Amino acid sequence: MESLLEAEDTVDGRALRRWVEFGVDALEQRRAEINSLNVFPVPDGDTGNNLLSTLQAAAARIGGPADGALTASDVAEGLARGAFTGARGNSGIILAQALRGVADAVAGLTTVGAADLAAALSNAAALVTGALSAPAKGTIVSVLEAAADGAARAAAETDPTVCEVVVASADAAADALQRTTTQLDVLAEAGVVDAGGLGLLVLLDCLVEVTTGTRPDRRMVLAGASRPVVEPEVVDDRHDSDQQEYEVMYLVENSDGTRIDALRSHLDALGDSVAIVAGESGCWSVHVHCCDPGAAVEAGLAAGALRRIDITCFALESARRGCGDGAAASGTAAVPAHTHTAGEQSRAVLAVVGGDGAAELFEAEGAQVLRAEEISVPDELLAAIRALPSRDVLVLPNGALSAQDVVAVGARARREDCDVMFLPSSSVVQGLASLAVHDPMRATVDDAFAMSEAASCVRWGSLRYANERALTWVGTCEPGDSLGLAGHDVVVIEHDLVTAGASLLDRLLAAGGELVTMLVGAYAPDGLVEQLADHLDRRHPEIDVVVYQGGQRSDLLQLGVE
């Protein structure tokens, strides 16, 4: 392909958009490989997943027209904001801070030249190092610092081009990645390079492709340094202070620098891998690995108001996802939803889902998936339940079946000694929220209650075209009209789809909310999501937006508000 650089050898908003598109695709293709290398700081096998999720959240926040009208500064700021709110894991919060460093360095610039790019990478490395309590050599931090140094050296030459700076940066990162296996004992023992460092190199090579038209083939970097990672043994000694058992992340609002400094000190005493990243409007993103997640949350409460609290048990995630398993990391359910020990009953989660993208989302979280388009009669759902390896089953119907069919299938399954509970998820976005709190270590009734409560907290709606004349609560619609539904009720009728979507979003957000999830259907017109995201930025700037490609054929767009 041709370079996307401007004639004056600068990177504009269009080129940065293309870079993030390339980056999402590349991380999707290589996340299983990145996951397999993940042995530091904990061998939880999710670095590739976390980097991909964070970059997807960043891409979803860009907004605006896709024709290049946004400046480099606009795109960089959107990426930084999206990554901040959507950061996943240690590697994700580092990527978010790096993007913030780039955005701050290019603020106000329409295009980015060679010297600007070198300064942006230098600022990214400095912010990342400052966010970490104990930055370690041989990690993504080392690779980022090397990339910044390589860019700075190239920029110091006479009349350097953007291409020369980008290539020098990526080459320096590749050399630094190769060295990581000699800088950390755990990497040397496993015979691998740093997983996060590889993810960063993948992104830098995507920038090389944007600027030069060709992406380097770097797989030779791993030659002699990587080998398949043996799945780590789950540590049973719960009192080993050197083995952190939980990852805790949350956002802190209404705080200040003094309280955040105190929080950092408290978390340093509780655990390791402490990272605190500043966002906009007095908000901080916090990450720590520790043995006492309750104490980590209490420390945050002393610093300000908390939201988006996310606690992950490493041992449980390893059991659920199959740490180091490429199939699981790539979104295919390679193990049942719950790997159980002797004397413990396993439990399966079955989700009825339409669309390839939506199915991958549920499978990635360990659910068994039955495609909605494959259900012509309720008996097919019953057959899917019978085929599960567990007799303890939670079903997420996600609005694909009528209440009568749900009752009938549940009754028949229970007559066959299958303990089935249908959870009240009336939409895919509710099902995703429900699955996010699923905990197979809880008693079934407690797990079902928590999942049901999570689903009920999501207000949902959808956009579709009317296919016939009908009387609704808000008037009569004609074939081809754009309809906005809140739940199952039509609340908006418009001739223009974007207008209908904006009106529906305003209605759903009238009762408040912090996060809007958009699940894009197979037939959604181009530009719809971008225009609705732009509407949210103007009317509801406090709202975070996450976009998934669902691929469903029923709704053009499904919306969830939490």
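Looking at the range 456-479, which of its residues are free of Cβ contacts under 8 Å to residues at least 40 places away in the same chain and either in contact with a Gly (Cβ under 7 Å, 6 or more places away or on another chain) or in a strand (DSSP E or B) (or both)?
Within the range 456-479, Ala466, Ala470, Leu471, Thr472, Gly475, Thr476, Cys477 qualify.
Specify the residue that is surrounded by the fewest Cβ atoms within 10 Å (Cβ to Cβ); the eligible residues are those in the range 384-426 that are of a type in the set (Gly, Ala, Ser), touching a residue at least 12 places away in the same chain (Cβ under 8 Å) and on the phi < 0 side of the Ramachandran plot.
Among residues in the range 384-426 that are of a type in the set (Gly, Ala, Ser), touching a residue at least 12 places away in the same chain (Cβ under 8 Å) and on the phi < 0 side of the Ramachandran plot, the one surrounded by the fewest Cβ atoms within 10 Å (Cβ to Cβ) is Ala408.
Residues are listed down the side, and each one gets a yes or a no for (1) open to solvent by 10 Å² or more (accessible area, probe 1.4 Å); (2) more than 25 Å from Val274 (Cβ to Cβ); (3) at pLDDT 90 or above:
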residue: Ala119; (1), (2), (3): yes, yes, yes
residue: Gly130; (1), (2), (3): yes, no, no
residue: Ala152; (1), (2), (3): yes, yes, yes
residue: Thr158; (1), (2), (3): yes, yes, no
residue: Ala170; (1), (2), (3): no, yes, yes
residue: Gln183; (1), (2), (3): yes, no, no
residue: Val186; (1), (2), (3): yes, no, no
residue: Leu198; (1), (2), (3): no, no, no
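Residues are listed down the side, and each one gets a yes or a no for (1) closer than 30 Å to Ile311 by Cα; (2) in contact with a strand residue (DSSP E or B) (Cβ under 6 Å, 6 or more places away or on another chain):
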site: Asp446; (1), (2): yes, no
site: Ala454; (1), (2): yes, no
site: Leu471; (1), (2): no, no
site: Val490; (1), (2): no, yes
site: Glu494; (1), (2): no, yes
site: Gly501; (1), (2): no, yes
site: Leu505; (1), (2): yes, no
site: Met518; (1), (2): yes, yes
site: Gln531; (1), (2): no, no
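Quick one: which of Val166, Val143 is more than 15 Å from Ala98 (Cα to Cα) and either touching a residue at least 40 places away in the same chain (Cβ under 8 Å) or in contact with a Lys or Arg (Cβ under 6 Å, 6 or more places away or on another chain) (or both)?
Val166
Do you know which residues across the range 411-440 are more than 29 Å from Gly521 (Cα to Cα) and assigned to a helix (DSSP H, G or I)?
Ala411, Arg412, Ala413, Arg414, Arg415
How do the pairs read when you match residues in the range 525-554 that are assigned to a strand (DSSP E or B) with residues anywhere that are of a type in the set (Asp, Glu), using Cβ under 8 Å and keeping only pairs 6 or more apart or on different chains?
Asp544/Glu514
Could you check Ala450 against (1) modelled with pLDDT under 90; (2) in a loop (DSSP other than H, G, I, E, B) and say which number it fails?
(2)
Please specify each residue of the range 503-517 satisfying the condition of being outside any helix (DSSP H, G or I), buried (at least 17 other Cβ atoms within 10 Å of the Cβ) and on the phi < 0 side of the Ramachandran plot.
If the condition is that a residue be outside any helix (DSSP H, G or I), buried (at least 17 other Cβ atoms within 10 Å of the Cβ) and on the phi < 0 side of the Ramachandran plot, then Leu509, Leu515, Val516, Thr517 are the ones that fit.
The values are calculated or read from the model by the stated rules, or taken from the named source; none is laboratory data. All values derive from a computational prediction rather than experimental measurement. Quick reminder, even Gly has a Cβ in these numbers, built from the backbone with ideal geometry, and neighbours come from all protein chains shown. Calculation scope for accessible area: heavy atoms of the full protein, side chains included, ligands and nucleic acids excluded. Shrake-Rupley method; radii C 1.70, N 1.55, O 1.52, S 1.80 Å.
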